[in-house]
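Below: one structure, written as structure tokens.
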Amino acid sequence: MLEVRDLRKTYGSHVAVDGVSFTVSPGDAFGLLGPNGAGKSTTIAMVSGLIQPDSGEVLLQGHSLRAHPRFVKQRLGLVPQHIALHERLTAEENLRYWGQVYGVHGARLRDNVEWCLRVAGLTDHRKQRVERFSGGMKRRLNIAVGLIHRPEVLIMDEPTVGIDAQSRNHILDTVRELNRDGMTVIYTSHYMQEVEYLCNRLAILDHGRMIAYGALDDVRLLAGGLSTVRMDLDGDPAPALDALQQALPAERVEAGEGRISFHVRDPGPAVGKAVLALSQYGIAPLRIDIERPNLEAAFLQLTGRRLRDGGDA
Amino acid sequence: MRVVWAMVWAQLLDLLRDRKALLLILAMPLVLTAILGFALNGLFAGKPLPVVRVVVHDADGGAYAQQLTAFLKGQSLFRVSEAASAESARQALASGQADVALEIPHGASGVIDHGGSAQVNVEAPVQQAFRQGLVQQYVDGFGSRWSAVSTAIRDGLPPASAAAGEPLQIREAASGTRPLNAKTYYAYAMMAMFLLLHAVQRAGVLVRIRQSDQFKRIAAGPVSTSAVAVGDLISTLFVLAAQCLVLFAAYRWILGADTGPPLQMGVLTGSYLFALAGLSLVIGRWVRSEAVVDGLAGIGVNVMAVLGGSMYPVYGFPDWVQRLAQFLPNGRILKAWLDSAMGVSWHEVWVAAVYLLAVALVCLLAAAVRRPAVA
Ligand SMILES: Nc1ncnc2c1ncn2[C@@H]1O[C@H](COP(=O)(O)OP(=O)(O)O)[C@@H](O)[C@H]1O
Ligand SMILES: [Mg+2]
């Protein structure tokens, strides 16, 4: 079990991480979600021993990182955000090298190299130099190297930033596979979909503070369990607004040019009522989007801001 | 230790497969040497290099004394000045204006002309023992020739050169020493400079690695910072040694530079490489931005190269610059290499080697107090 207790880190007068605590149990896929600058990387850096926290503690199986750095570091596997490989070495040479750096030798090293190549899907490219790899292959090897010493906890800092959709999906699937096979994972991201897809537990960070923490479903409910319904219409909804409001008394209906939106707990019946009300005014929906309760909504609810300013997530 | 070798191996293999970097490390210095050779031709070639500054006080004034002074003046190895008194000669020595003082006592010519051996005092500060020895050899060599000639005259044989009224010339140097030629100076000057340049550039590589996520990966691993430092040090030593061997081979067999005894050269060169690797490590630890290292490589190395005598013969510099140059590792090694090529005593070699190793030690300590921070 990995226990993070009240980590704090300031840079000058700027508080980068302000009292972050969480627990990761074996087999967990734990997400650290937050916008850019929230303090995710700084938290990860303290957990993996790259930087010293100003205060707070990191414990793995009761051993503190400060007192037993070797014990803890040997059992953590960090996947840095950027490619951290020797470009002119082959995939196999890289794995062997990093294995030795992490104290793996002999037959165990051979076995682990094979396993890592398999996980990364690079067994056929083992003798190829990394510089000749595609971006996606490098990413995969980058992750595999983090696994070379068979860590108990795999720590990944935004591994999908700035890469194409295909590689991203491959990485997400790889991490999910690993987790299903029993690997404990800590995964940071500012994409709520990734965290929803991968993680069973998470913490949401904002301005260095933890604003939500717990099981995925519990955190989702922080949004009040409201779904968002958006409708594109074939006419101007203004005349129908009163009727809509009467049909959906609990919700505030927002109307725009040719579209309406509202938040409801139970979207099914509400959509039916809305369509009926509109039809009385000769307006028909062209398209209906229903957004189920999600982390984005939870973040919005908690901070009044969106997780990300637009984008492709 | 296994970790250290793994790191060295990975770095070297990476470099070995980097054709561009290899070219830069090995071929570039040779090309530049050739180009600079043309540019610096006027500075080094042909022109003799004044090596030892000798101040002569001639209390005798006889034929032998005059000819000895003229003989020394005629040697490209010496820059001779004359002092009016023994006192002012000693002063020149004390103030560092001269390396060696020559005192020709009153009556020396008479003694030698009558078959005796002349009492010419060659004085020098302790640290100039080598130059003192060099001058002594020339003086002794001249003395024995002179006695031979004067004996011949006494015995009625016509002294060829003396009869022609020309100063007696002894062309070959005394045994154990060779005069320095311009090619040799140039070769070692270039070698000192390029190794220094490469050491600083290597620091840039260290800075770049430290800023990369590769370093995060190492820092997250169970590796001590000192193991990382030793790995950096060893791989830098390897690369410098490879560069040094290539340069040395080229200078020795293509340029035709002289070389000292292999063991002396080895001790000196090894010490220099340690000093440079230390310098590289300390820059790599203390400097945060690659741009600053580039600046050091550009301006810093050039200034050091000039002061250290790699651009202009150091013997032409004012004394204080020459003294300063001896504090710079590149200035120190250049002089030591040249001394060794001329046939220096082991004592001088050790002094230079110990100084360079001390520089290396100071650098390592300075690097050790600075833990590499993860950006
Ligand atoms: N080395 C540093 N020096 C100064 N400020 C830093 C440093 N590292 C991070 N910060 C600041 O700390 C905050 C958190 O950064 P970071 O942990 O990188 O956020 P995230 O990974 O969530 O985007 C940011 O405001 C960032 O500017
Ligand atoms: Mg980050």
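What is the distance in Å between the Cα centres of region A:40-60 and region B:196-254?
Region A:40-60 and region B:196-254 have Cα centres spaced 30 Å from each other.
Can you send over the solvent-accessible area of B:Phe248, 1.4 Å probe, protein chains only, in Å² to the nearest 10?
50
Taking amide H positions as placed in the peptide plane 1.01 Å from N, state which residues far from B:Arg53 in sequence (5 or more) or on other chains have amide H under 5 Å from it.
Those qualifying (amide H under 5 Å, at least 5 residues apart or on another chain) are B:Arg79, B:Asp99, B:Val100.
What is the calculated FRET efficiency for A:Ile288 to A:Asp124, with r their C-beta to C-beta distance and R₀ = 60 Å, to the nearest 0.05? Provide the component values of the computation, followed by the final result.
On the way: r = 46 Å, r/R0 = 0.77.
Given R0 = 60 Å and the Cβ-Cβ separation, E is 0.80.
Could you look at the protein assembly as shown and say what percent of its accessible area is carbon and sulfur, using a 1.4 Å probe and all protein chains?
Working: 17510 of 30720 Å².
Reported share for carbon and sulfur atoms: 57 percent.
Show the residues, 5+ positions off or on another chain, whose built amide H is closer than 5 Å to the amide H of A:Ser227.
Excluding prolines and chain starts, which carry no amide H, the hits are A:Val264, A:Arg265.
Could you tell me the relative contact order of region A:226-292? Use alpha-carbon pairs under 8 Å, at least six residues apart, and round to a whole percent. Kindly include the intermediate steps, with their values, before the conclusion.
Details: 122 pairs, mean separation 34.3, N = 67.
Relative CO of region A:226-292 lands at 51 percent.
I'd like the accessible area for A:Thr184, computed on protein heavy atoms only with a 1.4 Å probe and all protein chains in place. Round to 10 Å², please.
About 10 Å², rounded to the nearest 10.
Normalised by the residues of region A:98-232, what does the relative contact order come to in percent, with Cα pairs under 8 Å and at least six apart? Write out the running numbers ahead of the final one.
Values: 111 pairs, mean separation 22.9, N = 135.
Relative contact order here is 17 percent.
Is there a quick way to get the dipole size of region A:226-292? I mean about its Cα centre, with the Cβ of Lys and Arg at +1 and of Asp and Glu at -1; what is the value in debye to the nearest 20? Mind showing how you got there, number by number?
On the way: 7 positive and 10 negative charges, 46 e Å.
I would put it at about 220 debye.
Treating the Cα atoms of region A:1-76 as identical point scatterers in vacuum, please give the log10 of the normalised Debye intensity I(q)/I(0) at q = 0.15, 0.19, 0.23 Å⁻¹, two decimals.
Per q value, in the given order, log10 I(q)/I(0) is -0.48, -0.77, -1.09.
Take the Cα radius of gyration of the protein assembly as shown and divide it by 2.2 N^0.38 Å, with N its residue count; two decimals is plenty. All intermediate terms of the calculation are to be shown ahead of the outcome.
Numbers: Rg = 39.1 Å, N = 688, 2.2 N^0.38 = 26.3 Å.
For the protein assembly as shown, the normalised Cα radius of gyration comes out at 1.48.
To check my understanding: the extent here is largest minus smallest coordinate of the Cα atoms along each principal axis. What are those three numbers for region A:2-222, in Å, largest first?
Its Cα atoms span 47, 39, 34 Å along the three principal axes.
I'd like the FRET efficiency for B:Arg252 and B:Trp350, computed as 1/(1 + (r/R0)^6) with the beta carbon distance as r and R0 of 25 Å, rounded to 0.05.
On the way: r = 24 Å, r/R0 = 0.94.
Efficiency at R0 = 25 Å is approximately 0.60.
Check the straight Cα-Cα distances from B:Lys335 and name the lysines below 25 Å, setting aside those fewer than 8 residues away within the same chain.
B:Lys47, B:Lys73, B:Lys183
Among A:Leu278, A:Gly258, A:Ile290, whose Cα lies farthest out toward the positive end of the dipole of region A:226-292, if unit charges sit on the beta carbon of Lys, Arg (+1) and Asp, Glu (-1)?
A:Ile290
Viscosity 0.692 mPa s, temperature 37 °C: what is the translational diffusion coefficient of region B:223-267 from Stokes-Einstein with a Kirkwood Rh over Cα pairs, rounded to a whole number of µm²/s? If you can, show how the numbers build up before the last one.
Numbers: Rh = 12.4 Å.
This corresponds to a translational diffusion coefficient of 264 µm²/s.
Considering only DSSP beta bridges where both residues belong to the protein assembly as shown, give the percentage that are antiparallel (nearest 5).
Details: 40 of 69 bridges.
That works out to approximately 60 percent antiparallel.
Per residue Cα convex hull volume for region A:226-292, in cubic angstrom? Could the numbers behind the result be given before it?
Values: hull volume 4.4 nm³, N = 67.
Enclosed volume per residue, from the Cα hull, is 66 Å³.
Taking the Cα centre of the protein assembly as shown as origin and charging only Cβ (+1 Lys, Arg; -1 Asp, Glu), how large is the dipole, in debye to the nearest 20?
Working: 65 positive and 60 negative charges, 208 e Å.
The calculated dipole for the protein assembly as shown is roughly 1000 debye.
For B:Gly260, enumerate residues with amide H under 5 Å from its amide H, sequence gap 5+ or separate chain, H modeled in the peptide plane.
B:Ala341
Tell me the label-point distance for the pair B:Leu263, A:Ala238, using the 7 Å Cα-to-Cβ offset, in nm and rounded to one decimal.
Those two pseudo-labels are separated by 10.4 nm.
Hey, with R₀ at 41 Å, roughly what FRET efficiency would B:Ala291 and A:Gln301 work out to, going by the Cβ-Cβ distance, to 0.05?
Values: r = 45 Å, r/R0 = 1.11.
Computed FRET efficiency for B:Ala291 and A:Gln301: 0.35.
Report, to the nearest 10°, how far helix A:135-145 tilts away from the longest principal axis of the Cα atoms in chain A, using its own Cα long axis and a range of 0 to 90°.
That helix lies at roughly 60 degrees to the long axis.
Angle between the Cα long axis of helix A:165-180 and the longest principal axis of chain A, 0 to 90 degrees, nearest 10?
Between helix and principal axis, roughly 70 degrees.
Please tell me which of these pairs span more than 20 angstrom C-alpha to C-alpha: A:Lys138/B:Lys216; B:Lys20/B:Lys216; A:Lys127/B:Lys20?
On the way: A:Lys138/B:Lys216 17 Å; B:Lys20/B:Lys216 26 Å; A:Lys127/B:Lys20 22 Å.
Flagged as over cut-off: B:Lys20/B:Lys216; A:Lys127/B:Lys20.
Can you give the accessible area buried between chains A and B, summed over both chains, with a 1.4 Å probe, in Å² to the nearest 100? It would help to have the intermediate numbers written out before the result.
Values: alone 15190 and 18050 Å², together 30720 Å².
Using a 1.4 Å probe, the pair buries roughly 2500 Å².
Just to confirm, what accessible area per residue do you get for the protein assembly as shown at 1.4 Å probe, in whole Å²?
45
Sorting check: for B:19-30, B:226-237, B:345-356, which peptide has the highest mean count of neighbouring beta carbons within 10 Å, and how do the rest follow? Can you show the working numbers first?
Values: B:19-30: 14.5, B:226-237: 20.8, B:345-356: 17.8.
Most protected by this proxy first, the peptides run B:226-237, B:345-356, B:19-30.
What spacing in nm lies between the two simple spin-label points modelled at A:Gln280 and A:Asn169, each 7 Å away from Cα in the Cβ direction?
So the label points at A:Gln280 and A:Asn169 sit 4.5 nm apart.
Please give the calculated 222 nm ellipticity per residue for chain A, where each DSSP H segment of at least 4 residues contributes -39500 (n - 2.57) and the sum is spread over every residue; nearest 500 deg cm²/dmol? List each step's numbers first, then the result.
Numbers: 11 runs with 110 residues, N = 313.
Dividing the helical sum by the residues of chain A leaves -10500 deg cm²/dmol.
The values are calculated or read from the model by the stated rules, or taken from the named source; none is laboratory data. It should be emphasised that the depicted structure is a prediction, and the values quoted were computed from it without experimental measurement. All Cβ positions, even for glycine, are placed from backbone atoms using ideal geometry, and neighbour counts span all protein chains on display. When the accessible area is computed, the model is the full protein with side chains, heavy atoms only, and any ligands, DNA or RNA have been set aside. Shrake-Rupley method; radii C 1.70, N 1.55, O 1.52, S 1.80 Å.
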